[in-house]
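Structure record follows, encoded as structure tokens.
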Amino acid sequence: MEKAKKSEQLVAAIENGTVIDHIPSDKVFDVVNLLGLTSITTPITIGANLTSHKMGSKGIIKIADRYFSEEECSKLSVIAPNIVLNIIRNYEVAEKKAIPVPDEVRGIVKCCNPMCITNHEPMQTVFRVVDKRNGTLRCRYCGKDIPRDDVKLL
Amino acid sequence: MDNSGRSLISLEGLDRDDILELLRQAATFETKPDRKILDGKVVATLFFEPSTRTRLSFETAVNRLGGRVIGFSDAATTSSSKGETLKDTIMMVSNYADLIIMRHYLEGAAKYASEISPVPIINAGDGANQHPSQTMLDLYSMLKTQGRLDGLDIFLVGDLKYGRTVHSMLTAMRFFNPTFHFISPEELKMPAEYKEFCRENGIRFSEHSEFNEKVISEADIIYMTRVQRERFTDLMEYERVKDSFILHNDMLAGTKPNLRILHPLPRVNEISQDVDSNPKAYYFQQAKNGLFVREALICNALNLL
Ligand SMILES: [Zn+2]
């Protein structure tokens with residue numbers, strides 16, 4: 001706990017906003033892309049490769065004055081289901097939110113089957129989440145299953 | 001206008017009654033294949049990948065029903081070779097045709113087409129994925145030769161790893177309490193996910209690496225598939241097993257009288273020529289059954305039955 005606190009302090013505290021914690025270090029920039037953080041104008045602090053006694057190494061993103069909808073958050077489940085969102089109000093954690101796993105994922109993930117129509121037509125990909133615990137996706141078009149570790153973002 | 005609900009993309013959505021009803025309709029077409037049900041209708045056959053056998057079967061079905069056919073038999077001669085999207089081709093053709101029968105080298109192409117097309121789509125094969133009319137004609141041939149679909153002993157022989165026809169047969173037969181026997185070289189064994197499917201659906205199966213007279217003595221159906229050289233990572237292994245999964249006439253001496261031998265065709269050498277004259281050989285009639293099954297599928301897609 002001590003260690004975790006220390007690493008969080010490496011990134012500046014925010015008064016109001018969202019702290020996205022427990023991001024696997026190699027997924028930090030996927031989270032940035034999925035939430036469209038590159039087009040946000042409020043202050044954002046990104047910490048990567050921080051020490052975590054739970055995960056070994058983790059990333060944290062702090063976004064001032066911005067909260068995310070269920071739908072926006074559920075996108076994150078395709079890459080890292082254990083991410084936690086801390087809602088900050090007045091420098092305090094007002095709420096801790098786990099990532100909801102959606103039934104369907106549209107237009108975020110690329111199908112890993114090179115012979116899938118979605119990799120050849122200008123069209124939206126659609127996956128059904130067939131195993132919510134392990135995050136396995138099944139392509140609506142070619143029927144192939146993608147384990148969470150093989151998920152590639154579009 | 002939304003006709004996509006009548007599209008046939010795979011058999012996964014069909015239940016036991018749907019399958020039996022389609023087979024019953026196919027049987028009525030067999031008693032009278034020539035009918036003017038499609039009078040005034042135009043059917044497009046879009047073959048983005050050549051498959052003469054399947055195309056001729058579908059086009060014969062349309063013609064025998066009194067409809068007209070437009071289309072192409074090879075994408076190299078069409079605008080898709082100039083970079084046109086599948087969507088644009090489907091939208092253009094759906095202006096002209098009442099039904100689109102399509103074959104494509106990409107998996108999921110027919111599913112996508114059915115989502116954008118205002119007219120129904122019949123999938124005549126999408127890459128390694130689905131080929132529902134082939135599976136329906138396999139089922140029709142089993143029902144016709146055995147008088148039942150329930151409780152059959154079905155032997156699948158050859159390439160069980162890549163053979164899409166054997167995979168869809170497992171799916172479609174799950175309602176009919178079959179016992180499957182998987183006979184294949186080690187490299188081309190039935191994939192674990194399909195064996196898991198059998199367990200989940202209470203389908204009995206056993207696996208054999210030997211193909212001989214003794215193994216097949218209890219068979220009602222032997223379904224042969226081709227063992228292709230290019231499927232092997234180890235060519236030495238191919239050379240070793242290539243002659244072990246060939247059906248010869250002398251292997252059939254001790255088999256059950258009701259046994260019939262099926263093959264999706266084209267055959268290369270996995271059924272030796274001396275089997276052809278054996279009354280248990282059924283693969284040529286099987287191909288003919290495709291016509292009646294496809295007549296039923298076409299009329300269903302157009303809601304004409
Ligand atoms: Zn796919």
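The values are calculated or read from the model by the stated rules, or taken from the named source; none is laboratory data. Everything numeric here is computed off the predicted structure, so don't read it as measured data. No Cβ is skipped: glycine too gets one built from the backbone with ideal geometry, and neighbour counts run over all protein chains shown. For the accessible areas, the whole protein counts, side chains as well, though only heavy atoms, and no ligand, DNA or RNA atoms are used. Shrake-Rupley method; radii C 1.70, N 1.55, O 1.52, S 1.80 Å.
Per-residue Karplus couplings for region A:16-25, computed as 6.51 cos²θ - 1.76 cosθ + 1.60 with θ equal to phi - 60°, are listed in order as 9, x, 10, 10, 9, 10, 6, 8, x, 3 Hz, Gly and Pro entered as x.
Adding -39500 (n - 2.57) for every DSSP H run of four residues or longer, then dividing by how many residues chain A holds, sets the calculated 222 nm ellipticity at -3000 deg cm²/dmol. Averaged per residue, region A:2-98 has 54 square angstrom of accessible surface, using a 1.4 angstrom probe with ligands and nucleic acids left out. Please report how far the C-alpha centroid of region A:60-118 lies from that of region B:2-61, rounded to the nearest whole angstrom. Distance between centres, Cα-based: 44 Å. For chain B, the solvent-accessible area of protein heavy atoms averages 43 Å² per residue (probe radius 1.4 Å; ligands and nucleic acids excluded). Length available on full extension from B:LYS242 to B:ASP18: 0.36 nm per residue minus the Cα-Cα distance, which gives 76.7 nm. Quick check: Cα centre of region B:102-167 to Cα centre of region B:176-243, how many Å? Spelled out, the Cα-based centre of one part sits 18 Å from the other. For region B:109-144, accessible area lost to neighbouring protein chains reaches 20 Å² or more, against the chain alone with a 1.4 Å probe, at B:LYS111, B:TYR112, B:GLU115, B:ASN129. Contact residues in region A:94-120 (at least 40 Å² less accessible area with all protein chains than alone, 1.4 Å probe): A:MET115, A:ILE117.
For chain B, excluding the exposed loop sites themselves (GluC sites (Glu not before Pro), DSSP loop, at most 14 other Cβ atoms within 10 Å), the longest remaining stretch covers B:85-209.
Would you tally the net charge around B:ASN63, using a Cβ to Cβ cut-off of less than 14 Å, leaving B:ASN63 out, and scoring K and R as +1, D and E as -1? Taking every Cβ under 14 Å from that of B:ASN63, the sum is +3. Across peptide B:98-105, the average count of Cβ atoms from other chains found within 10 Å of a residue's Cβ is 1. Take the accessible area of chain A alone and of chain B alone, subtract that of the pair, and you get about 1100 Å² summed over both chains, using a 1.4 Å probe. Taking the 1.4 Å solvent-accessible surface of the protein assembly as shown as the whole, the part contributed by carbon and sulfur is 48%.
Grab the beta carbon distance between B:GLU84 and A:THR38, set R0 = 35 Å, and tell me the FRET efficiency rounded to 0.05. Between B:GLU84 and A:THR38 the formula returns 0.55. Cross-link partners among lysines for A:LYS62, C-alpha distance below 21 Å, same-chain residues fewer than 8 apart left out? Cα-Cα hits under 21 Å: A:LYS3, A:LYS5, A:LYS6, A:LYS27, A:LYS54, A:LYS75, A:LYS96, A:LYS97. With contacts taken as Cα pairs under 8 Å and at least 6 residues apart, region A:2-98 reaches a relative contact order of 39 percent. Pairs of Cα atoms nearer than 8 Å and 6+ residues apart set the relative contact order; for chain B it is 21 percent. Adding -39500 (n - 2.57) for every DSSP H run of four residues or longer, then dividing by how many residues chain B holds, sets the calculated 222 nm ellipticity at -10500 deg cm²/dmol.
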